[in-house]
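Data block below; observations after.
Readers should treat all values here as calculations from the given coordinates under stated rules, not as data from a laboratory. The model shown is predicted, which means the values in this text are computed figures rather than measured ones. Using ideal geometry, Cβ is built from the backbone for each residue, glycine included, and neighbour counts are taken over all protein chains shown.
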Amino acid sequence: MTLLIIIIALALIFDYINGFHDAANSIATVVSTKVLTPFQAVLWAALFNSVAFWIFKDHAVANSISKTVYKDFITLPVIFSGLLAAIFWNLLTWWYGIPSSSSHTLIGGFAGAAITHALLQKGWDFSWSKVVDADTIIKTILFIFLAPIIGMTISIFITVVTIMRNIWWRFLIIGLATTATILMFDRFEDSKIHENVQKFYGIDKYEKEVKTLKEDLKLNQADTVLLAKLKLNEEKLAKANETYAHLDPYLTQYDKLGAAQIAKTAKDSGWLNNTAVSKLKDAVRNANDFLVLEAQAPENKTAKEEYNIAKDKTEGYKAPVKLFLASEISLDSAVTAMNAIYPLQTKNLDKVKSKMTSFNIEKSFAGEIDKADNSMIEYGIIGTAILFMLIYLYIEKVKTPTAYTVANMFKKLQLFSSAAFSIGHGGNDAQKVMGIIGAALIANGSIQEFSQLPSWVPVSCYLAIGLGTMSGGWKIVKTMGSKITKVTPLEGVAAETAGAFTLFFTGQMGIPVSTTHTITGSIIGVGATKRLSAVRWGVTTNLLWAWVLTIPVSGILAAITFYIVQYFMK
């Protein structure tokens, strides 16, 4: 428990450092164009970092981070080592004014410590694919290059549209671009709803288990235990897919029906019955310290033996749980029956009863569906488009446009674009620390999966990154605000709006990208719109090297840290 508290404290310290390390991303242009003073700018950014808490419902980025390393290799020393390495690299790059990625140093540190743990545990006889999630790592590496390119492309588009002479053509292009963007986000929402429902029914878990068992059977085709497990998981997968197929037509009508109506239909149709039994069974055994045993099992022989017994016997909880949910037996009778199957500790009885009486499968299901809702983001995109068009109309048709009025308009718009980018920064980067704290709670046995993350975690993470942003990072502000290219208010608006859109886009996809890379690409884009020579490519090349090196260097630092930690823990 002491190590868990230290890790949570370190994670929030990292979040704070991330705030002042990355403060430059959201305030560099607004400071360099003198729209706000540095002090005003950090307060402005910090405020909107925290606002992100109410906008990002589905913490997809945090979930991705927590799954960078597979559960069997997530231990508290692994997380501790990864965090220390990430904090060291962040402070080092901040000291030298290098805008490196806090996201990538966190992922690199986490993965590096886990791989080192696997090496010490199994030697070279292990599969890398069973230690780290290759898909998450590959996506993250790809977006080292894609995020700045996306930001650069959008910032060029915004700049070119803004300087068009014909205002009506400008309106048409903005309208078409906004419509295409809303359709794209609708697509993301639909995909996310289906993904969340599949996870709710355990389809992803069963698919992974079936795949793993098939791989194990290639080595020993006559293993009857493995064959029995494979058959059981294939049956569970088939049932889950059958139920999911019933729900699919309703999920596609989410905007019309809403989560509550879909959940009610599922409950009334009996499509939640089996899942309810399974989830309440898990909730009961978790309340009886099952997760603590699971967390201790990898490194404690006695705990592992007891865990295997508990895992097998507590499956028998399903019978009394099913009767309880059907109101065929009372709460006390269900508890007595479960206690006879596998003992419930006296200290946990009240907790078990509380879990059973408060259990509501319909509400839980509706909550999982609602997490995918991105209507707030869509309204924001539509509002942004309308705001830009109204300002263009006022400046160019109501008032006579002059250099002064146009510059003043864009200075005011920079407040808006900077706020939008700060929301994206808060939503993206605070979630990464949520993922690490979630992984620590799983490793400690406090929760079973990321969906059970306590509400204090997102609140503290958003506050920490907001406070960090208030502290500022003036060395990096200088690099981002003037060394790459000189930025005007118009270009500041284009860069920040492009960066914000990229963060919202990748956030919906659950891809942990770097806000640093994103805003750098956007600034390069507005600079290149004037002329290619306006960008100081020498500075940009140095930044690129820092980006490429961040993940491997963080991984190596975490590996060294893990060796040291293991040595002192012996």
Task: Fully extended contour minus Cα-Cα distance, from residue 241 to residue 292, at 0.36 nm per residue - done: 15.3 nm
TODO: Treat each spin label as a single point 7 Å out from the Cα along the C-beta direction, and report the residue 357 to residue 566 distance in nm.
DONE: 4.8
Open item on the list: Can you find, among 356, 489, 69, the residue sitting farthest towards the positive end of the charge dipole of the chain, where Lys and Arg contribute +1 and Asp and Glu -1 at Cβ?
Closed with: 489
Open item on the list: With the cut-off at 18 Å, tell me which of the pairs 208/239; 239/353; 139/218; 205/264 have Cα atoms farther apart than that.
Closed with: 239/353; 139/218; 205/264
Open item on the list: Under 14 Å between alpha carbons, and skipping anything fewer than 8 positions from residue 267 in its own chain: which aspartates and glutamates qualify?
Closed with: 362
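For residue 121 and residue 145, FRET efficiency with R0 = 51 Å and r from the beta-carbon atoms, rounded to 0.05? Before the final figure, lay out the partial values.
Working: r = 34 Å, r/R0 = 0.66.
The formula returns an efficiency of 0.90 here.
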- [ ] Any chance you could give the angle, 0 to 90 degrees and rounded to 10, that helix 167-200 forms with the longest Cα principal axis of the chain?
- [x] 10
TODO: May I ask for the angle, rounded to the nearest 10°, between helix 273-287 and the longest principal axis of the chain, with both axes built from Cα atoms and the value confined to 0 to 90°?
DONE: 90
Open item on the list: If each residue of separation counts as 0.36 nm, what is the full-extension length gain between residue 509 and residue 199 once their alpha-carbon separation is subtracted?
Closed with: 110.0 nm
- [ ] Quote to one decimal, in nm, the extra length available between residue 313 and residue 375 on full extension: 0.36 nm per residue of separation minus the C-alpha distance between them.
- [x] 17.9 nm
- [ ] Note down the magnitude of the dipole of segment 272-421 about its Cα centre, charges +1 on Lys and Arg C-beta and -1 on Asp and Glu C-beta and zero elsewhere, to the nearest 20 debye.
- [x] 400
Open item on the list: 7 Å from Cα along Cα→Cβ at both residue 488 and residue 190: what's the point-to-point distance in nm?
Closed with: 4.2
Open item on the list: As I understand it, the value is the acute angle between the Cα axis of helix 134-162 and the longest principal axis of the Cα atoms of the chain; what does it come to in degrees, rounded to 10?
Closed with: 30
- [ ] Search the structure for amide H atoms under 5 Å from the amide H of residue 372, placed 1.01 Å from N in the peptide plane, and list their residues when 5 or more places away or on another chain.
- [x] none
Task: Amide H partners (placed H, <5 Å) of residue 223, local residues excluded - done: none
TODO: Compare the peptides 516-527, 135-146, 455-466 by average per-residue count of other Cβ atoms within 10 angstrom and give them in order, highest first.
DONE: 516-527, 455-466, 135-146
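Suppose R0 equals 45 Å. What FRET efficiency, 1/(1 + (r/R0)^6) with r the Cβ-Cβ distance, do residue 5 and residue 396 give to the nearest 0.05? Don't jump to the answer; show the numbers that get you there.
Details: r = 58 Å, r/R0 = 1.30.
The pair residue 5/residue 396 has a calculated efficiency of 0.15.
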Task: For segment 207-218, 3J(HN,Hα) per residue [Karplus equation, 6.51 cos²θ - 1.76 cosθ + 1.60, θ = phi - 60°, Hz, x = Gly/Pro] - done: 4, 5, 5, 4, 4, 5, 5, 5, 5, 5, 6, 4
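Using Cβ contacts closer than 10 Å as the measure, can you line up 73, 171, 421 from fewest to most?
Numbers: 73 22, 171 17, 421 31.
Ordered by Cβ neighbours within 10 Å, fewest first: 171, 73, 421.
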Task: Distance (nanometres) between label positions extended 7 Å along Cα→Cβ at residue 273 and residue 306 - done: 3.7
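Exposure proxy check: 425, 246 ranked by fewest other beta carbons within 10 Å?
Values: 425 29, 246 13.
Least crowded to most crowded, the residues run 246, 425.
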Open item on the list: Could you give each residue of segment 341-354 its phi-based ³J(HN,Hα) in whole Hz, using Karplus coefficients 6.51, -1.76, 1.60 with θ = phi - 60°, and x for Gly or Pro?
Closed with: 6, 8, x, 8, 5, 4, 5, 9, 4, 4, 5, 4, 4, 4
TODO: Tell me which residues come under 5 Å, amide H to amide H, from residue 69 once H is placed; ignore anything under 5 positions away on its chain.
DONE: 133
